[in-house]
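**Student:** Below you will find the structure I want to go over with you.
The values are calculated or read from the model by the stated rules, or taken from the named source; none is laboratory data. Predicted model only: the values in this text are computed from it and were never measured. Here the Cβ positions follow ideal geometry from the backbone for every residue, glycine too, while neighbour counts run over all protein chains shown.
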Ligand code: ADP
Ligand code: ADP
């Protein structure tokens, strides 16, 4: 099992107040699958994703990704795990404004052990003709394509996407989702994506509904590829 989470708990303390965010998460995803996390705002979706990506830590429970027990890693090993295995895509692209498209991708490629070819990645996201542009010269959808290219150039095993279409209109969102499916098929990348949009869930192998700190529903889908 590629992602294997059992009884994961996480709470945040601020002053006297403790918020139990994750109250015993159980979740499994096979290698090469696309999983979607749905759930109301504040239900712990980002917390769960950040723990899987090695940005945050669980308090207890088991979190294994491709056989690596990440809850047992020290800080240095957790950083190595994140650098070597995880690509992130966020709602607001987080591109470096004073670097070109190509340079934004190079930054990641240069520190990766076995990066993909930058031109190949640019072609995969259909941005090769804009590689000398700066982020401000691109539409939102184009900036998200670049941020996907930056996330996949290190050939991550796991691509974590936190509301990747949250700032985009419907048609642009569809093209970004189609692109993520192509990445999944071309590189075999396992993808886990947070979304508020239930329609997007149709493209996933598995849909996890988070409610009150547990997975309230776990559905297996037939994949549907959105039409052009
Ligand atoms: P979602 O992604 O589903 O909107 P989050 O995982 O971002 O939910 O947040 C879940 C809960 O945890 C919220 O109540 C949020 O305020 C709280 N929370 C998240 N991160 C922190 C943090 N670093 N410190 C304190 N509370 C946090
Ligand atoms: P969208 O319809 O996706 O919002 P825009 O209207 O923002 O797209 O942009 C349309 C096209 O114009 C895109 O291909 C983008 O690369 C280009 N473009 C947008 N802003 C600039 C700019 N400041 N300089 C150069 N090209 C730009």
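**Student:** Would you mind telling me which numbered condition in (1) assigned to a helix (DSSP H, G or I); (2) within 23 Å of residue 70 (Cα to Cα); (3) more than 17 Å from the chain's Cα centre (by Cα) residue 199 fails?
**Tutor:** (2)
**Student:** Follow-up question, since we're still on this one. For the range 15-26, does any single residue satisfy the condition of being assigned to a strand (DSSP E or B), more than 19 Å from residue 162 (Cα to Cα) and touching a helix residue (DSSP H, G or I) at 6+ places or on another chain (Cβ under 9 Å)?
**Tutor:** Let us first name the residues in the range 15-26 that are assigned to a strand (DSSP E or B), namely 17-26.
Those still in the list that are more than 19 Å from residue 162 (Cα to Cα) too: 17-20, 23-24, 26.
If we keep only those that are touching a helix residue (DSSP H, G or I) at 6+ places or on another chain (Cβ under 9 Å) as well, we get none.
No.
**Student:** Would you check which residues across the range 84-104 are assigned to a loop (DSSP other than H, G, I, E, B) and either touching a strand residue (DSSP E or B) at 6+ places or on another chain (Cβ under 6 Å) or modelled with pLDDT of 95 or more (or both) and list them?
**Tutor:** Correct list: 95, 96, 97, 98, 99, 100.
**Student:** Does residue 72 fit the bill of being surrounded by fewer than 16 Cβ atoms within 10 Å (Cβ to Cβ), over 20 Å from residue 33 (Cα atoms) and within 16 Å of ligand 2 (Cβ to nearest atom)? Give the steps one after another, and end with the answer.
**Tutor:** Values: surrounded by fewer than 16 Cβ atoms within 10 Å (Cβ to Cβ): yes; over 20 Å from residue 33 (Cα atoms): yes; within 16 Å of ligand 2 (Cβ to nearest atom): no.
Criteria not met by residue 72.
**Student:** Looking at the range 202-211 only, could you name the residues that are touching a residue at least 40 places away in the same chain (Cβ under 8 Å) and either out of contact with any helix residue (DSSP H, G or I) (no Cβ under 7 Å at 6 or more places or on another chain) or assigned to a strand (DSSP E or B) (or both)?
**Tutor:** 204, 205, 206, 207, 208, 209, 210, 211
**Student:** Looking at (1) surrounded by fewer than 17 Cβ atoms within 10 Å (Cβ to Cβ); (2) under 26 Å from residue 177 (Cα atoms), which is the one condition that is false for residue 35?
**Tutor:** For residue 35, the exception is condition (1).
**Student:** What number of residues within the range 57-83 satisfy the criterion of being within 14 Å of the chain's Cα centre (by Cα) and outside any strand (DSSP E or B)?
**Tutor:** Within the range 57-83, the subset within 14 Å of the chain's Cα centre (by Cα) is 65, 82-83.
With outside any strand (DSSP E or B) added as a condition, the list becomes 82-83.
Number satisfying all stated conditions: 2.
**Student:** Looking at 164, 156, which is the one that is surrounded by 20 or more Cβ atoms within 10 Å (Cβ to Cβ), more than 16 Å from ligand 2 (Cβ to nearest atom) and within 16 Å of residue 87 (Cβ to Cβ)?
**Tutor:** Numbers: 164 fails: more than 16 Å from ligand 2 (Cβ to nearest atom).
It is 156.
**Student:** Looking at 107, 146 in this structure, which one is in a helix (DSSP H, G or I), buried (at least 20 other Cβ atoms within 10 Å of the Cβ) and either more than 16 Å from ligand 1 (Cβ to nearest atom) or under 18 Å from the mean Cα position of the chain (by Cα) (or both)?
**Tutor:** Exactly one of 107, 146 is in a helix (DSSP H, G or I), buried (at least 20 other Cβ atoms within 10 Å of the Cβ) and either more than 16 Å from ligand 1 (Cβ to nearest atom) or under 18 Å from the mean Cα position of the chain (by Cα) (or both), namely 146.
**Student:** Then there's this: How about the range 129-150: which of its residues are away from ligand 2 (no atom under 11 Å from the Cβ) and either at pLDDT below 95 or under 16 Å from residue 185 (Cα atoms) (or both)?
**Tutor:** Correct list: 148, 149.
Yes or no, residue by residue, for (1) closer than 26 Å to residue 175 by Cβ; (2) within 16 Å of ligand 1 (Cβ to nearest atom):
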{"site": "19", "(1), (2)": "no, yes"}
{"site": "27", "(1), (2)": "no, yes"}
{"site": "46", "(1), (2)": "yes, yes"}
{"site": "67", "(1), (2)": "no, no"}
{"site": "70", "(1), (2)": "no, no"}
{"site": "94", "(1), (2)": "yes, no"}
{"site": "103", "(1), (2)": "yes, no"}
{"site": "113", "(1), (2)": "no, no"}
{"site": "133", "(1), (2)": "yes, no"}
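**Student:** Scan the range 38-55 residue by residue and report those that are surrounded by 15 or more Cβ atoms within 10 Å (Cβ to Cβ) and not in a helix (DSSP H, G or I). Full working, then the answer.
**Tutor:** Filtering the range 38-55 down to residues surrounded by 15 or more Cβ atoms within 10 Å (Cβ to Cβ) leaves 38-39, 43-55.
Selection gives 38, 39, 43, 44, 53, 54, 55.
Per-residue answers, yes or no, for (1) over 25 Å from residue 209 (Cα atoms); (2) within 16 Å of ligand 2 (Cβ to nearest atom):
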| position | (1), (2) |
| --- | --- |
| 3 | no, no |
| 28 | no, no |
| 32 | no, no |
| 54 | no, no |
| 76 | yes, no |
| 87 | no, no |
| 90 | no, no |
| 98 | yes, yes |
| 103 | yes, no |
